[in-house]
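Student: Dropping a structure here in structure tokens format, bear with me for questions.
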Amino acid sequence: MNCYEIVYVDKAVLNCEVTSSVLERLAQVPIEFIDDPRQLQDEVAWMSNPIGAGKRGLVITKSKGKALKTCPGARGTLCCNYTILDIVQNCPLDCSYCILQGYFTNPFIVLYANVDEVLAEVDGILNRNPRRLFRIGTGEFTDSLALEGPIPLAAKLVSFFADKENALFELKTKAVYVDSLLGLNHRGRILVSWSLNPQAVIDREEVGVAPLDARLEAARRCQEAGYKIGFHFDPIIYYPDWERDYRGVVDRIFELIDPRNIPWISLGTLRLPPGLKPVIKKRFPYSKIIYEEMIPGAGGKLRYPKPVRVQMYRKMVEWIHGYDPDVFVYLCMEGQELWPKVFDERPKEGSMYFKVFDRNWW
Amino acid sequence: MKKNWKTPQGVKIRPNQIDLEDDFYRMTFLPDLGPLNQSVQKVGILHPVFLEETGRVKPYRVISGFRRVWVCRKLGLKEIPAVVYGKEERTALERFELNLLENTTVRSFNLIEKALVLGKLVDTFGVERKEVVQSYMPLVGLQPSPKLLGDHLSLRHITSGMKEYVVKKGVVLANAILLSGFSPGDQGVLLPLLSSLYLSTGMLRELIEWIDEIALREDVEVAGVVNDPGITQILFHPQWSVPTKTEKIRQALRARKYPQLTGMTEAFDRRRKRLKLPPRVALSPPPFFEGDHLKLSFQFKGADELKEICRELVRVSEQRELGELLEML
Ligand code: SF4
């Protein structure tokens, strides 16, 4: 998919292989060479819709930070130990509830072209911690596959992580660009996961994003190619017909995907940092998700009151386990006290996750 | 912005020759004319007003000095000292700047006036936004910021009635922006309600947001929320004071905005009552019922009172209702 109207190239990465390859693929797009991405801030300040405009501009620059970052889970919630491989920031897709809107000071899609350096750093970290199992993904600061095409990184990452024994690599996406993954030797170590919502929610809240059936078809193709398949119902959105619609999505999953190939399904009801509300109101005036009853919860994020969340989670778990009680379901960014209300068993801090993942995975 | 003005000769003009309806250069909104009134009565007009020749029935429009012309009219003065610019002398923008500079030397602008100045610069005089930010925002007492400019420009959508409310009640920018998000009709519906209540900045924000969000969630008009019998009965209650009405209306809107939370709070209160807690002992849920701990606090003066409280708390700990309260978390 090419949605870019301009590419800014940091002169520091002119000679990187990734830079040349991306520029070749985006030959029709105007290029501007810059000394420092920070100089774009001034331009951004004058934009009436910087977030929207940012989705049409690509900045190719050099990563100067850490290669792996801890997922910014909220305080007081049980963490699933997700580690973010930081090579792309922001996303060309446009979901009303996307937490990345305004998350980074730079609204453009940022690609760190020194991928090889970043991966070398990851290699070092994995080697220095052979006993620790790292759950790593690219789907937190961006969508893992939405940039494929002009920026084909997935195949490189799959090949890199395929022989890492202490890493569990997850490509998390709403996109359907899986062709580049199908012929790879992933050694059964890579998980491709899809964020799902009912088509009614996709139509209203996920602008320009692949329909539900297309996502599930892409998942089916990846299953056929031997990948493990994960699903994330995150955010689950409350609306009058939510039960009928979400149940329909669960039904569709198990029509197409063998539960033995599903290491996990995560659940998380809608969460919004309070500052996101005016952004959604302005950018998605037809969206009503922000008007539901929401209260400040862990980390100050707005969320549905606990009884609503518990009811939604219980239903989802019931429907999923109706197909296969062994499919591991976990809650994203919820406090420990909620788990016993949803599940029969209460997980222990942190490590419990990996035991469970371990059992299902390795 | 050019600053060296060549001033024409001063003249005396009859105030009724000045068209005060013509607000092309005006940046005054709801001025406090009291002090000026007194000073003019005592010493007359010290500084000439600046006028522009229009060639119309009332041949002059005010460039600068609206307040002085108003006061002269009110006091029935026969003449007012003025400097009159011919049509070809200076551009309209330069005259507006003249007004702006005159004003900045003698007073500060209220929120609506700041919005008025910035709006005219952009809309009427076509000044580039960058130029407005850099050269004009500091003049009206604002930080030069594109975002702040955008915020002030959004106040263009406020009705004149609501502008008066904003100025009279000293409404802060953030709340004024929220008000500007309502249609003129909805502002008309809101105004009588807001004007009848005593609202702090935070309370005003809450109220506006709740009304807006209830209307959008329930797909009803703003009027359907504001004129709900549950609200109007409070508003027109003959005995209740303004603070009482304010609090009751807040509670009513809060309950409609947060039905689950309100239900939980009420259920918690009912069960807590049944516990019959000793005096000066408080038991509360975590904020918004998020978390799994109840909070117990008490006060005592002496050891005996403490012992008594502890005995009572042991009794409370054995009651079924306490388990029910914990179950709620
Ligand atoms: S796909 Fe994910 S990252 Fe992209 S806009 Fe939607 S929520 Fe944000």
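Student: Can you tell me which residue in the range A:28-52 is most open to solvent (accessible area, probe 1.4 Å), limited to those that are hydrophobic (A, V, I, L, M, F, W, C) and away from chain B (no Cβ under 14 Å)? Even if it seems obvious, please write down each step before you answer.
Tutor: Quick first cut of the range A:28-52, residues hydrophobic (A, V, I, L, M, F, W, C) only: A:29, A:31, A:33-34, A:40, A:44-47, A:51.
Adding the requirement that they be away from chain B (no Cβ under 14 Å) leaves A:29, A:31, A:33-34, A:40.
Details: A:Val29: 11, A:Ile31: 71, A:Phe33: 103, A:Ile34: 1, A:Leu40: 3 Å².
Among those residues, the one meeting the criterion is A:Phe33.
Student: While we're looking at this one, here's another question. Identify all residues within the range B:180-202 that are away from chain A (no Cβ under 14 Å), assigned to a helix (DSSP H, G or I) and surrounded by 15 or more Cβ atoms within 10 Å (Cβ to Cβ); write none if there are none.
Tutor: Listed by number, the residues that qualify are B:Asp186, B:Gln187, B:Gly188, B:Val189, B:Leu190, B:Leu191, B:Leu193, B:Leu194.
Student: Here is a follow-up. Take the conditions open to solvent by 10 Å² or more (accessible area, probe 1.4 Å) and under 23 Å from A:Leu338 (Cβ atoms) and apply them to A:Lys288. Does it pass? Step through it out loud before you land on a result.
Tutor: Working: open to solvent by 10 Å² or more (accessible area, probe 1.4 Å): yes; under 23 Å from A:Leu338 (Cβ atoms): no.
Here the answer is no, as A:Lys288 does not meet what is asked.
Student: Restricted to the range B:97-123, and to residues that are of a type in the set (S, T, N, Q), part of a helix (DSSP H, G or I) and without any contact (Cβ under 8 Å) to a residue 40 or more places away in the chain, which residue is least open to solvent (accessible area, probe 1.4 Å)?
Tutor: First, pick out the residues of the range B:97-123 that are of a type in the set (S, T, N, Q): B:99, B:103-105, B:108, B:110.
Cutting the leftovers down to part of a helix (DSSP H, G or I) gives us B:99, B:103-105.
Okay, now just the ones that are also without any contact (Cβ under 8 Å) to a residue 40 or more places away in the chain, so B:104-105.
Details: B:Thr104: 41, B:Thr105: 113 Å².
Per the stated criteria, the residue is B:Thr104.
Student: Please give the number of the condition B:Pro278 fails out of (1) open to solvent by less than 50 Å² (accessible area, probe 1.4 Å); (2) outside any loop (DSSP other than H, G, I, E, B).
Tutor: The number of the failed condition is (2).
Student: Mind telling me which of the residues B:Gln143, B:Gln134 ends up being surrounded by fewer than 16 Cβ atoms within 10 Å (Cβ to Cβ) and assigned to a helix (DSSP H, G or I)? Write out each step before concluding.
Tutor: Details: B:Gln143 fails: assigned to a helix (DSSP H, G or I).
Exactly one of B:Gln143, B:Gln134 is surrounded by fewer than 16 Cβ atoms within 10 Å (Cβ to Cβ) and assigned to a helix (DSSP H, G or I), namely B:Gln134.
Student: Does the range A:64-106 hold any residues that are at pLDDT below 85, in a loop (DSSP other than H, G, I, E, B) and within 15 Å of the ligand (Cβ to nearest atom), and which are they?
Tutor: A:Cys71, A:Pro72, A:Gly102
Student: What is the residue count in the range A:160-211 for residues that are within 14 Å of the ligand (Cβ to nearest atom) and either touching a helix residue (DSSP H, G or I) at 6+ places or on another chain (Cβ under 9 Å) or among the hydrophobic types (A, V, I, L, M, F, W, C) (or both)?
Tutor: So the count comes out to 19.
Student: Okay, moving on. Taking the range A:207-228 as the search range and keeping residues that are within 21 Å of A:Leu93 (Cα to Cα) and not hydrophobic (A, V, I, L, M, F, W, C), which one is modelled with the lowest pLDDT?
Tutor: Residues of the range A:207-228 that are within 21 Å of A:Leu93 (Cα to Cα), as a first pass: A:207-219.
Then keep just the ones that are not hydrophobic (A, V, I, L, M, F, W, C); that gives A:208, A:211, A:213, A:215, A:217.
Numbers: A:Gly208: 86, A:Pro211: 97, A:Asp213: 97, A:Arg215: 98, A:Glu217: 97.
Top of the filtered list is A:Gly208.
Student: Determine which member of the set B:Arg271, B:Arg256 is within 11 Å of chain A (Cβ to nearest Cβ) and among the basic types (Lys, Arg). Give the derivation first.
Tutor: Working: B:Arg271 fails: within 11 Å of chain A (Cβ to nearest Cβ).
From the options B:Arg271, B:Arg256, the qualifying one is B:Arg256.
Student: Does the range A:113-127 contain at least one residue that is at pLDDT below 90 and assigned to a loop (DSSP other than H, G, I, E, B)?
Tutor: Going through the range A:113-127, the residues at pLDDT below 90 turn out to be none.
So far as the range A:113-127 goes, no, none of its residues is at pLDDT below 90 and assigned to a loop (DSSP other than H, G, I, E, B).
Student: Right, here's the next one. Looking at A:Lys55, A:Lys11, which one is more than 14 Å from chain B (Cβ to nearest Cβ), open to solvent by 30 Å² or more (accessible area, probe 1.4 Å) and either within 14 Å of the ligand (Cβ to nearest atom) or not polar (S, T, N, Q) (or both)?
Tutor: Values: A:Lys55 fails: open to solvent by 30 Å² or more (accessible area, probe 1.4 Å).
Only one candidate passes the filter, namely A:Lys11.
Student: Next up: Do you know which residues across the range A:291-328 are open to solvent by 10 Å² or more (accessible area, probe 1.4 Å), within 12 Å of chain B (Cβ to nearest Cβ) and β-branched (Val, Ile, Thr)?
Tutor: Of everything in the range A:291-328, those that are open to solvent by 10 Å² or more (accessible area, probe 1.4 Å), within 12 Å of chain B (Cβ to nearest Cβ) and β-branched (Val, Ile, Thr) turn out to be A:Val308, A:Val310.
Student: B:Leu261 - would you say it is within 14 Å of chain A (Cβ to nearest Cβ), under 27 Å from A:Gln311 (Cα atoms) and touching a Ser or Thr at 6+ places or on another chain (Cβ under 8 Å)? Before you say what the answer is, go through the steps one by one.
Tutor: Values: within 14 Å of chain A (Cβ to nearest Cβ): yes; under 27 Å from A:Gln311 (Cα atoms): yes; touching a Ser or Thr at 6+ places or on another chain (Cβ under 8 Å): no.
The answer is no for B:Leu261.
The values are calculated or read from the model by the stated rules, or taken from the named source; none is laboratory data. If you're wondering where the values come from, they're calculated on a predicted model, not measured in any experiment. Note: ideal-geometry Cβ built from the backbone for every residue, glycine included; neighbour counts use all protein chains shown. Accessible surface areas use protein heavy atoms only, side chains included; no ligands, DNA or RNA. Shrake-Rupley method; radii C 1.70, N 1.55, O 1.52, S 1.80 Å.
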